[in-house]
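As structure tokens, the structure follows; a few thoughts come after it.
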Amino acid sequence: MSEFLRAEHLTFVYPDENNGIPAVSDVNLTIQKGEYVAILGHNGSGKSTLAKLFNLILLPTGGSITVDGIRFFQEDDADDAELEEKVYSVRRRVGMVFQNPDNQLVASIVEEDVAFGPENLGLPSNAIRERVDWALDAVDMRGYARRTPYSLSGGQKQRVAIAGVLAMKPACIIFDESTAMLDPRGRREVLSVMESLNREGITVLHITHYMEEAARANRIIVMNDGRMLIDGPPREVFARVDELKEIGLEVPQATELLFRLRAAGFDLPLGVTDPHEAAELIAALYREVCHE
Ligand code: ADP
Ligand code: MG
């Protein structure tokens, strides 16, 4: 694996807001190409601001961010044209999918919507066609190419929005609560697309407040008051139940159940997130207790 993103003392203060309190404060992390990272944290903990720094919608007010070898820091003495060029090339590498699919769709026909990005890149029309077909295939929406987005379900709309981002051929996609407005079926559809894109090698960063969704990632970052509080694999992160509760976060239901049984004196591990694994552990415990 090779490094894709590096934040060093990354800090951001919104101008004239919050009495100068940083929305993101002294974040240090690296993300390798092809990782699947979930970002957790209560409202206002800095997740969206961090995402916007990662794709240079916002420029750091302190520290630095390096994306695919391109470094940005506050004292950057690059002239405006140079900076704009750098920002533009990062935005092509890091796509963003937001919460509300309706705000992301611009055209009245699905395929035109997906073509919007590649058209802006000035690609020839056959290359645009190829990208649109490829992107719609990747989210399993090719059959809807000529439909109007208004006739689609929330999950389908979100998949079209993802296709629009994919058509830019990004190395990384950040999903900022992209499942939050969807029904359970739409959420499953979008999660499955996320996972298949990650299997194809795309780096996936998923901001979510659903613990079960976060548990599907390879790594979880927990934000609190603009700082990165915890960074580790789901099993390690969810083993820290008390700490998570202290900052107002839940844990997956399976984790919570084992946590309570453990508190009641049963010998069970912390950090298990998979319901089937939890059920196995409880069944084994049951056999043990009944044999006594
Ligand atoms: P999250 O995505 O975790 O809910 P945000 O990154 O949106 O957190 O917000 C972090 C902090 O920055 C909060 O205190 C929020 O009020 C503040 N903030 C977010 N967006 C803006 C903005 N556009 N202008 C000023 N302050 C903002
Ligand atoms: Mg947010």
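The values are calculated or read from the model by the stated rules, or taken from the named source; none is laboratory data. None of these values were measured; they are calculated from a predicted model. Every residue, glycine as well, gets a Cβ built from its backbone with ideal geometry; the counts of neighbours run over all protein chains shown. In case anyone asks, the SASA skips ligands and DNA or RNA and just uses the protein heavy atoms, side chains included. Shrake-Rupley method; radii C 1.70, N 1.55, O 1.52, S 1.80 Å.
Against the conditions (1) polar (S, T, N, Q); (2) away from ligand 2 (no atom under 16 Å from the Cβ); (3) open to solvent by 30 Å² or more (accessible area, probe 1.4 Å); (4) more than 29 Å from Arg6 (Cβ to Cβ), Asn100 satisfies every one except (2). Of the candidates Ile230, Ile221, the single residue that is within 15 Å of the chain's Cα centre (by Cα), closer than 25 Å to Arg6 by Cβ and at pLDDT 95 or above is Ile221. For the residues Gly34, Gly69, Gly44, the requirement of being within 16 Å of ligand 1 (Cβ to nearest atom) and not hydrophobic (A, V, I, L, M, F, W, C) singles out Gly44.
Does any residue of region 94-117 turn out to be without any contact (Cβ under 8 Å) to a residue 40 or more places away in the chain and among the acidic types (Asp, Glu)? Yes.
You will find that of Ile39, Ile65, the residue that is open to solvent by less than 30 Å² (accessible area, probe 1.4 Å), more than 16 Å from ligand 2 (Cβ to nearest atom) and within 21 Å of Leu205 (Cα to Cα) is Ile65 and no other.
Each row is one residue, and each column tells you yes or no for (1) out of contact with any strand residue (DSSP E or B) (no Cβ under 9 Å at 6 or more places or on another chain); (2) within 30 Å of Arg147 (Cα to Cα); (3) open to solvent by less than 10 Å² (accessible area, probe 1.4 Å); (4) of a type outside the set (Gly, Ala, Ser).
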site	(1), (2), (3), (4)
Pro22	no, no, no, yes
Gln74	no, no, no, yes
Glu84	yes, no, no, yes
Leu105	yes, yes, no, yes
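Matching residues to (1) open to solvent by 10 Å² or more (accessible area, probe 1.4 Å); (2) assigned to a loop (DSSP other than H, G, I, E, B):
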{"residue": "His209", "(1), (2)": "yes, yes"}
{"residue": "Ala217", "(1), (2)": "no, yes"}
{"residue": "Ile220", "(1), (2)": "no, no"}
{"residue": "Asp231", "(1), (2)": "yes, no"}
{"residue": "Asp242", "(1), (2)": "yes, no"}
{"residue": "Leu249", "(1), (2)": "yes, yes"}
{"residue": "Glu256", "(1), (2)": "yes, no"}
{"residue": "Arg260", "(1), (2)": "yes, no"}
{"residue": "Asp267", "(1), (2)": "yes, yes"}
